[in-house]
1. Can you tell me which residue is nearest to B:Gly172 (Cα to Cα) among those in the range A:3-59 that are open to solvent by 10 Å² or more (accessible area, probe 1.4 Å) and of a type in the set (Phe, Trp, Tyr)?
2. What's the number of the condition B:Val325 fails, among (1) farther than 24 Å from A:Ile205 by Cα; (2) part of a strand (DSSP E or B)?
3. Tally time: how many residues in the range B:310-369 are farther than 30 Å from A:Ile123 by Cβ, open to solvent by less than 60 Å² (accessible area, probe 1.4 Å) and within 12 Å of chain A (Cβ to nearest Cβ)?
4. Only one residue in A:Val396, A:Val324, A:Val376, A:Val388 is closer than 30 Å to A:Pro81 by Cα and touching a Gly at 6+ places or on another chain (Cβ under 6 Å). Which one?
5. Taking the range A:180-200 as the region of interest, how many residues are buried (at least 24 other Cβ atoms within 10 Å of the Cβ) and either more than 7 Å from chain B (Cβ to nearest Cβ) or closer than 25 Å to B:Trp228 by Cα (or both)?
6. Is one or more of the residues making up the range B:305-317 in contact with a Ser or Thr (Cβ under 7 Å, 6 or more places away or on another chain) and aliphatic (A, V, I, L, M)?
7. For B:Leu307, state whether it is under 25 Å from A:Met46 (Cα atoms), in contact with a helix residue (DSSP H, G or I) (Cβ under 7 Å, 6 or more places away or on another chain) and of a type outside the set (Val, Ile, Thr).
8. Considering each of B:Arg55, B:Arg81, B:Arg41 in turn, give the residue that is closer than 30 Å to A:Ala220 by Cβ, part of a strand (DSSP E or B) and open to solvent by 20 Å² or more (accessible area, probe 1.4 Å).
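The values are calculated or read from the model by the stated rules, or taken from the named source; none is laboratory data. Note that this is a predicted model, so its numbers are computed, not measured. Because the Cβ atoms are built from the backbone with ideal geometry, glycine has one as well, and the counts that use them run over all protein chains shown. Side chains are part of the model used for accessible areas, which takes the heavy atoms of the whole protein and leaves out ligands, DNA and RNA. Shrake-Rupley method; radii C 1.70, N 1.55, O 1.52, S 1.80 Å.
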Amino acid sequence: MGALDDLKVADFSWVGAGPRATKDLADNGAMVIKIESRKRLDLGRMSPPFAPAGRKNPDASAFFAQSNTSKKSVTIDLTDPRGVEMAKSLVAWADVVVENFGPGFMDRIGLGYEALKAINPDIIYASVSVAGRSGPMAGFRGYGNSAAAQSGHAAMSGWPDSEPHMPPFAYGDVVAPMFLTVAILAALEHRDRTGQGQHVDVSQIEPMVHVIADLFADPALSGKPGNTHPLFAPHGVFPCRGEENWIAIAIETDAQWTTLCAALEAPEWLRSSDYATASARVANRERIEAAIAELTRDLDKVGLAARFAAAGVPAGPVLNGKEVFENEELRAAGHFVKCEHPVLGPSMMPAPPMRFSDTPGAVRRAPLLGEHTLEVFAEMLDGQSERVEQLRREEVLA
Amino acid sequence: MNMLPGLRVLELAGGLVDFGGRMLAELGADVLSIAIGGTKRPHAETLAWHHGKTRIAADGIRPAALKRLVGEADVLLDDRRVGDPLGLDALAADNPGLIHVVARPFSPDGPYSGRPATDLTLMAVSGLMTIVGDPDRPPLRLPGEQAYALTGIQAATAALMGLRARRRTGRGQRIDLSAFQSTTLANYREAIMYEWTGRIGTRTGNKLVRGKSGVRQVWPCADGFVTWSMIDNPSMMRSVVRVMSDEGAAGELTGIEWENILVADEDQAMIERWQSVFGAFFARHTKAELGAWSLEHGWGLSVISDLDAVRESEHLAARGLFVEVDDEDAGRRIRLPGPLFRHGDGSDAPQRRLSHPIPISEAAWSAPS
């Protein structure tokens, strides 16, 4: 029994920002029916990496699979009015509709909030888009990194002496769906209390602003902090033995500093009372961090982190993709769940980071394209199986 | 119209759950917050994550008062680093309707259980730092404290899921939350890329590498920077080149049939040549000009805004993102992000202030449950 077992979601979203939110719901028990189209494939199905079947197989994308676990897939041609009618039958069934199409698309095909409210008055209609559905930039077409640019993230990323920085992943496509999940759950709670549905409109820019609210709360902030902290030092990344091996160390108390010095057998000058306080260490940040780097340079990052952890010093090896994938803690915690997929084969899918004592979630493989079309519509349109079959033959359900 | 009126949330705040409590407060919940851990935090963090809550002084926590608050709460957000010094498990057991979210750096029973961690060290182990920054310099974190923010959002999510389950079952439950997993979940590329290709991602600066070539993401313009990339979107590429052609600035780009190009498969030298033409065009125009063209023609180009520009954004003002907050500690008002998203008829504003901490004996819920 999952936490959201009785929740029904009609999911029109695609690529990253919408599907990651509906994955949260599906992995925790919600029935999420993903509405797709063979004519206009979810771009996520065309995104690498791919199983050996290759990019031409719509079921071979591991990117898609990991963002769409535990869902069902139906195919509908939304450019055909009969397809739109079938979509509306899903809306009538659902508690929640999710969409992240370009500006105005859902309205143009008759699936905007007002139209759907007429079908299902207490529907929760959840939208996520780069700039939101209102305001002067509501029509902006962009992608996850657009939100990094317009929220201050890009300007505040990178080294203090460098131009704005864009890491090679779309953080806006991560944070916005998490806000969308919260928005949907809060709207459900509100509906449970009042009986009223509503439209929740999540912009990718605004969540990105929220998660750096501490920077906006500091009017004196000038420039990019890099890895430094205003109150603590050492606070950074230090080289370890081998190529591209690093350890992050964050000393927050004087006791941790003393322990760090002992663990590294630091020279006497570093252990002196000159650096015994956080303010003294911050004032001499460059000097002491250079000295720490010399002490860690020939040590193994994993062993050193374990040694520091045992001594109570916050530290962590900088892990790469391979090390994350193989990490013992993540494996023990069930962070990756092995799913058998007809095209991908056995593959590891990320699980939610929380464990419910009474209503545990379950991660199941992502659906094949249109895998559940007949099953879903046969059930929904009970007694009309011939009509469903006809619509499939005529490629309305395709 | 608040979404969570009357919801009682008690928060033991040490970094991992703080933003989660802030989200619930923004949605209308009644949040009482006790700072734990004893480490001094920058005032900006306290202001950002705790406005809108009732703050309770950490000194002199009386067991009887804590027992009362836990007993009356719907949700307990419990940032737990080492052990259970306040005896919260026992107190929680006396409230069968309580949704008890226990956030730790790592899983409660895994090999890293009990390890100390901070935002920086969690970012390191998440696999995100290894790809942030320049190839010839050490790994970098993202701005702010993203491991804590991500964990906080998951704490709010867990609480709301627990609430929904409680409506069905009538019972609360315990929810264990790992900050390591919360942060790693944001790293949607690196582990899966290794699993399927054997490739290990590294820092590439501002170059986006896909396939055999890399494209630039950040471009200087006449008065700052914009972000845009050559991507496999023929209509978008044509749209940019069309405007360039009107100025006679498109050069060899005019003749390219973008439908027949796969950027990821192009030779890097060719990419660089094309990018030099785009770069010269961007350098001649201002952020405002380029941003307006992008909005009108769907270029996917964004102006890169610094914090002041974000604060002054007309768009964000129209959506009501920034709100005035009274900072009682500093005795001033400051504009901070307020609503999390737009919804319904809008929200009744929660209290917009960072209040002084009060003794736990004076702590009370502001509304009946």
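1. A:Trp14
2. (1)
3. 10
4. Working: A:Val324 fails: closer than 30 Å to A:Pro81 by Cα; A:Val376 fails: touching a Gly at 6+ places or on another chain (Cβ under 6 Å); A:Val388 fails: touching a Gly at 6+ places or on another chain (Cβ under 6 Å).
Of A:Val396, A:Val324, A:Val376, A:Val388, the one residue that is closer than 30 Å to A:Pro81 by Cα and touching a Gly at 6+ places or on another chain (Cβ under 6 Å) is A:Val396.
5. 2
6. Yes: the range B:305-317 contains one or more residues that are in contact with a Ser or Thr (Cβ under 7 Å, 6 or more places away or on another chain) and aliphatic (A, V, I, L, M).
7. Values: under 25 Å from A:Met46 (Cα atoms): no; in contact with a helix residue (DSSP H, G or I) (Cβ under 7 Å, 6 or more places away or on another chain): yes; of a type outside the set (Val, Ile, Thr): yes.
No; evaluated as a whole, the condition is false for this residue.
8. Values: B:Arg81 fails: part of a strand (DSSP E or B); B:Arg41 fails: part of a strand (DSSP E or B).
The unique qualifying residue is B:Arg55.
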